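Any read-out appearing in this document is the output of simple, stated calculations on the displayed coordinates, not a laboratory observation. Since we're looking at a predicted model, the values are computed, not measured. Cβ placement follows ideal geometry from the backbone for every residue including glycine, while neighbour counts extend to all protein chains displayed.
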Amino acid sequence: MTDPQKSEILPGDRFDAVVVGAGFTGLYMLHVLRQKGFTVRVIDGASGVGGTWYWNRYPGARCDIESMQYSYQFSEELQQEWEWKERYAAQPDILAYIEHVAERFDLTRDIQFDTRVEAATWDEDAGEWAVETDRGQTLRAQYFIMGVGCLSAPVKPTFEGEDTFAGESYQTSVWPREPVDFKGKRVGIIGVGSSAIQAGPLIAEEAAHVYIYQRTPNYVVPSQNRPLSPEEVADIKSDYRGFRAKAYAGLTAFLFQRHDQSVFDLDPDERRARFDEYWEIGGLPFLGAFNDILFDDDANRECIAYWRSRVAEIVDDPALVELLTPDEEFGCKRLCSGTGYYEMFNRDNVTLVDVRGTGIERITETGLTAAGVDYDLDMIVYATGFDAMTGSVTRIAITGRDGRTIQQKWAEGPKTFIGLTISGFPNMFNMVSAGSPSVLATMVTCAEQHGDWVGELLDHMRATGKRVFDPTPEAEAEWTAEVKRAGDASLRTKCDSWYVGSNVEGKPRAFAPYIGGWPPYVQKCDDVAASGYKGLELK
Ligand code: N01
């Protein structure tokens, strides 16, 4: 079958493993399994590698983990030879890096692009998965491996009148490959999450006018992005392994300076000086100023007071500072890292439209109506987020044992054994997702740890003549309770956010990633392997 618009369908329909997704996770999984002599086919809906970094091409898209850490560490040669330009890499640089990895390790020949997996069904008699694609194929594989990403199922609410809009419409999470021209245009941006926070200031530099429609404000700290100096790169590369090992030993698997002190261990002047120091460091490491910002209400309030004082120094209009101030815990949602975000509101061509409580009423032919006011627009940018953690999994019709679907299984929230496996869904792995540190750790490091663990399990099964694994319901219940316990101990479960699924109507509220820390998580995975895979039934 050929389709001139799409890349070719690769030959073969039977593999040891089918992997869904050609982002950081899927590529590493392919590399590991191929090296171990397993046959693998990776399927991806995009026309190239990169996953998240393939699709999110909006202006300003950038990672909030430092580039020297948001990269693979499995190959010393790779990490020595690649040159990152900035402290935080921009989307084109990350995509160039992933493409380089795919080429360097000859991965692309096993990836079928422009193809979506629509369904996967466990065949109990054959002891394998039947994987169906939107191009009419059915692939059969002993193992079915999901590397579909935590933030890859876009959410775009349906607004009344949407189809009538005569201007241009874009969504940050599926941004076109061709450049978008904002010059002289009136642009409306719906949403103020990380995507809009990155895109807004750059769009405002070009557009005639930008209207930012804010339903719920977010805390933003300056990213303090800058070019990397040759000296700091050389310093890390002189002992990259040692640098990675230090990061691995930390709670989030990425290295930043954390003070193991309470906000209240310091007097007010010292406290402010510490916050100042961390404001200059910027980005997610700001949370490392004290050890109790995310765990103690009073400490959190002190942090908010400091943040507000800094924003008030930037934004000229005090009424805007008021509107931009969230009324929830600091760091409960993922902290946003921005460049020039608050400064943007001092521009004459930027208007913050507060749609709290009312939302966007309707889209019209000429723009939109919000809070009773009509806005004339040439372009609407939807920065409305994702069905995070589980959406990319449950949007595929996955059917496990006894005809039970993943939607039924996760009707009350995700249930997993160590994040990686799901009882009743034999020989299936769900990588870097719910039940593992995933979005709370460096995703790339998580992808490598998962890939290695899966590779060892498959080795073990091959060596011991086992064909099928399935986590026991007891082991899964125990781990799911541990994920909940860890979440409940953190302030992060308190507010509405994509972490708990509250941004998607009807989604059960559950804090999906494991927040118990990277080292305990890795220890748990290692213990399971060392015990001969206690918790998994192997047949
Ligand atoms: O999505 P979001 P995002 N009417 O869910 C609003 C990662 N990421 O794509 O809060 C009006 O945060 C919604 O409002 P509300 C990062 O982990 C990282 O920006 O529901 N508004 C909210 O303001 C991040 O956390 C980077 O009231 C509506 C916005 O849309 C995660 O991805 C960059 C609406 C969605 O914000 C998600 O970020 C980008 C409606 N009907 C993304 N529906 C880095 O910096 C939704 N909204 C690395």
Translational D in µm²/s for the range 478-519 (Stokes-Einstein at 10 °C, 1.306 mPa s, Kirkwood Rh from C-alpha pairs): 149 µm²/s
Which percent of Cα-Cα pairs in the range 1-47 sits in each 5 Å bin, short to long? 5, 20, 27, 23, 16, 7, 2
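Going by how many other beta carbons lie within 10 Å of each one, how would you line up 152, 438, 229, fewest first?
Details: 152 21, 438 26, 229 10.
Least to most surrounded, the residues fall as 229, 152, 438.
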Helix-only [θ]222 nm of the chain, DSSP H runs n ≥ 4, -39500 (n - 2.57) each, per residue, nearest 500: -9500 deg cm²/dmol
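Cut-off is 10 Å between beta-carbons; in what order do 31, 209 appear when sorted fewest neighbours first?
Details: 31 23, 209 19.
Taking fewest neighbouring Cβ atoms as first place, the list is 209, 31.
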In terms of modelled amide H atoms, which long-range or inter-chain residues lie less than 5 Å from the amide H of residue 70? none
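Starting from the exponent 0.38 and prefactor 2.2 Å, build the expected Rg for the range 353-427 from its residue count and divide its actual Cα Rg by it.
1.77
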When all C-alpha to C-alpha distances in the range 120-208 are sorted into bins of 10 Å, what percent of pairs does each bin hold, rounded to whole numbers? 12, 30, 23, 17, 14, 4, 0
How would 442, 138 line up from fewest to most surrounding beta-carbon atoms within 10 angstrom? 138, 442
Just to confirm a number: summing +1 for Lys and Arg and -1 for Asp and Glu over residues other than residue 491 whose beta-carbon lies under 12 angstrom from that of residue 491, what do you get? -3
Karplus ³J(HN,Hα) for the range 468-477 (6.51 cos²θ - 1.76 cosθ + 1.60, θ = phi - 60°; Hz, whole; x = Gly/Pro) runs 9, 10, 8, x, 6, x, 5, 5, 5, 5
Spatial separation of Cα centroids for the range 38-108 and the range 174-232, in angstrom: 22 Å
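Against the empirical 2.2 N^0.38 Å scaling, what ratio does the C-alpha Rg of the range 394-510 come to? Intermediate results must be reported in sequence, preceding the final value.
On the way: Rg = 15.1 Å, N = 117, 2.2 N^0.38 = 13.4 Å.
Normalised by 2.2 N^0.38 Å, the Cα Rg of the range 394-510 equals 1.12.
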Need one number: % antiparallel among DSSP beta bridges in the chain, to the nearest 5. 40 percent
Kirkwood hydrodynamic radius of the range 166-205, Cα pairs, Å: 11.1 Å
How fast does the range 277-385 diffuse by Stokes-Einstein, in µm²/s, taking the Kirkwood radius from C-alpha pairs at 10 °C and 1.306 mPa s? 98 µm²/s
Per-residue HN-Hα couplings for the range 438-443, Karplus 6.51 cos²θ - 1.76 cosθ + 1.60 at θ = phi - 60°, whole Hz, x for Gly and Pro? 5, 5, 9, 10, 6, 4
Measuring from centroid to centroid over Cα atoms, what is the spacing of the range 355-434 and the range 449-482 in Å? 27 Å
If N is the residue count of the range 161-295, its Cα Rg over 2.2 N^0.38 Å rounds to 1.44
The chain: translational diffusion in µm²/s, Stokes-Einstein, Kirkwood Rh over Cα pairs, 20 °C, 1.002 mPa s: 88 µm²/s
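So which of 246/539; 36/539; 409/539; 156/534 end up more than 31 Å apart by C-alpha? Please list the in-between numbers first.
Values: 246/539 38 Å; 36/539 21 Å; 409/539 22 Å; 156/534 42 Å.
In this structure, 246/539; 156/534 exceed 31 Å between Cα atoms.
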With just the Cα atoms of the range 262-330, tell me how far they stretch along each of the three principal axes, in Å, largest first. 34, 23, 23
Computed over the chain: longest principal axis from alpha-carbon atoms vs helix 518-530 long axis, angle to nearest 10 degrees, is 0 degrees
Sorted from largest down, give the three principal axis spans of the alpha carbons of the range 217-307, whole angstrom values. 41, 27, 26
